[in-house]
Amino acid sequence: MIIVPENAIGDLIGRTESFDAIEAVFAAMARDDAYNFPVIREAIGHADALYGFKSGFDRAGLVLGLKSGGYWPGNEAKGLTNHQSTVFLFDADTGKAKAVVGGNLLTALRTAAASAVSIRHLAREDAKVLGMIGAGHQSAFQMRAALEQRSFEKVIGWNYHPEMLSRLEETAREAGLPFEAVDLDRLGAEADVIISITSSFAPILNAAQVTPGTHLACMGTDTKGKQEVDANLLAKARVFTDEVAQSVTIGEAQHAVAQGLIKDADITAIGAVINGTHQGRTSPDDITLFDGTGVGLQDLAVASAVVDIAVAKGVAVEVDF
Ligand code: NAD
């Protein structure tokens with residue numbers, strides 16, 4: 001069995017490999033070659049922790065496994081990150097344990113890759129201004145991956161906690177781009193691509209604030225009750241997602257579906273666009289919206305890529321198991 005510890009991940013996999021792994025697994029999901037198993041998530045009644053499993057099987061890539069972990073709110077006081085996860089991979093032919101891979105950095109890379117895939121396939125080619133809503137841990141990963149998809153010239157941003165906006169400014173500066181903190185009216189009016197990555201439980205951006213031609217990647221809503229944009233925006237937009245079943249239950253679309261503004265059938269798996277079986281954007285005036293809910297197959301895809309890279313580089317730690 002191969003072990004890739006958390007602290008080795010950063011030297012093994014970057015944005016390009018993550019993007020390729022996520023694009024491939026979304027495509028496989030839309031071909032019904034890969035599927036996610038039901039998610040388990042439990043409050044364990046200890047350390048205030050939320051613990052769960054996300055698992056699945058990619059028959060095309062022969063990737064079988066699970067990501068296990070969750071949220072331990074007391075970790076920060078212990079010098080650890082609150083979100084903790086580990087990926088376990090199994091040999092699809094025998095069921096033997098194949099690899100244990102640190103899942104923390106991989107979660108950020110695969111989440112950023114998902115919105116980057118949506119930008120690659122749905123944003124207007126001439127997109128110049130990237131709008132960021134959210135300035136937490138994930139936001140810098142999101143911005144870096146997004147900036148590689150189009151010739152962006154400027155980043156603008158808004159955050160519920162304005163004191164956190166310096167993270168966006170620093171990340172934009174690293175990429176050699178100007179950053180401006182703006183209000184939500186300006187963000188909606190000026191951004192060609194908008195990424196939302198917050199833990200909000202109420203809509204932040206109104207439908208009226210978003211202009212024709214915008215692509216949105218709503219990445220923060222991954223739980224029942226969370227919400228980042230007005231449900232009416234989904235009725236105005238062409239809506240895409242990683243997995244429709246998650247989008248309508250725990251994703252951004254849950255509210256528009258519950259209010260009868262859209263139906264499951266109005267939401268398209270992004271893999272269909274990647275595979276060329278769905279047109280995606282149909283005009284420069286379409287508003288496209290990607291509801292990135294986060295599926296287990298994404299975790300397995302990047303973990304499997306890391307294992308392959310570690311083996312190819314000769315740095316894989318192998319134990320007899
Ligand atoms: P974080 O705690 O570092 O940052 C939280 C962000 O949400 C900050 O920008 C904060 O200002 C903002 N926020 C907090 N309360 C808010 C409120 N009431 N209204 C509006 N904004 C508020 O978190 P993070 O690690 O950056 O993750 C951000 C979100 O992304 C979380 O909700 C997380 O669950 C989600 N997430 C989704 C996926 C996925 O695959 N879709 C993957 C990882 C994380």
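For segment 97-121, filtered to residues that are more than 29 Å from Q279 (Cα to Cα) and among the hydrophobic types (A, V, I, L, M, F, W, C), the residue that is farthest from the ligand (Cβ to nearest atom) is A97. Identification of strands (runs of 3 or more DSSP E) wholly contained in segment 194-283 with 3 or more residues that are farther than 27 Å from L168 by Cα and modelled with pLDDT of 95 or more yields 267-269.
Quick check: anything in segment 60-83 within 29 Å of V273 (Cβ to Cβ), of a type outside the set (A, V, I, L, M, F, W, C) and modelled with pLDDT under 95? Checking segment 60-83: at least one residue is within 29 Å of V273 (Cβ to Cβ), of a type outside the set (A, V, I, L, M, F, W, C) and modelled with pLDDT under 95. Condition check for V101 on (1) of a type in the set (V, I, T); (2) open to solvent by less than 10 Å² (accessible area, probe 1.4 Å); (3) within 30 Å of I287 (Cβ to Cβ): one failure, at (3).
Applying a threshold of 7 Å to beta carbon distances and a minimum spacing of six or more residues, or different chains, the list of pairs starting in segment 56-84 at a residue that is polar (S, T, N, Q) and ending at one that is part of a strand (DSSP E or B) and away from the ligand (no atom under 16 Å from the Cβ) reads S68/F88. For beta carbons closer than 8 Å, sequence separation of 6+ or different chains, a first residue in segment 291-307 that is within 16 Å of L12 (Cβ to Cβ) and at pLDDT 95 or above and a second that is within 9 Å of the ligand (Cβ to nearest atom) and of a type in the set (S, T, N, Q), the qualifying pairs are D299/T107. With respect to E76, determine if the residue is within 16 Å of the ligand (Cβ to nearest atom) and open to solvent by 20 Å² or more (accessible area, probe 1.4 Å). So E76 fits the description; yes. On inspection, R31 does not qualify as open to solvent by 20 Å² or more (accessible area, probe 1.4 Å), touching a residue at least 24 places away in the same chain (Cβ under 8 Å) and under 16 Å from G103 (Cα atoms). The set of residues from segment 144-161 being near the ligand (Cβ under 9 Å from one of its atoms), open to solvent by 70 Å² or more (accessible area, probe 1.4 Å) and of a type outside the set (S, T, Y) comprises just one member, H161. Considering segment 63-73, the residues that are open to solvent by less than 70 Å² (accessible area, probe 1.4 Å) and out of contact with any helix residue (DSSP H, G or I) (no Cβ under 7 Å at 6 or more places or on another chain) include one that is farthest from G296 (Cα to Cα), namely P73. Going by what's in this entry, would F141 be described as open to solvent by 40 Å² or more (accessible area, probe 1.4 Å), within 15 Å of the ligand (Cβ to nearest atom), at pLDDT 95 or above and under 21 Å from the mean Cα position of the chain (by Cα)? Yes, satisfied. Annotation for segment 183-194: no member residue is within 13 Å of the ligand (Cβ to nearest atom) and within 21 Å of the chain's Cα centre (by Cα).
Could you tell me whether T111 is touching a residue at least 24 places away in the same chain (Cβ under 8 Å), open to solvent by 10 Å² or more (accessible area, probe 1.4 Å) and hydroxyl-bearing (S, T, Y)? The answer is yes for T111. The set of residues in segment 122-138 being more than 9 Å from the ligand (Cβ to nearest atom) and open to solvent by 20 Å² or more (accessible area, probe 1.4 Å) consists of R124, E125, D126, K128, V129.
The values are calculated or read from the model by the stated rules, or taken from the named source; none is laboratory data. Predicted model only: the values in this text are computed from it and were never measured. All Cβ positions, even for glycine, are placed from backbone atoms using ideal geometry, and neighbour counts span all protein chains on display. Protein only, heavy atoms only, side chains kept; ligands, DNA and RNA dropped before computing areas. Shrake-Rupley method; radii C 1.70, N 1.55, O 1.52, S 1.80 Å.
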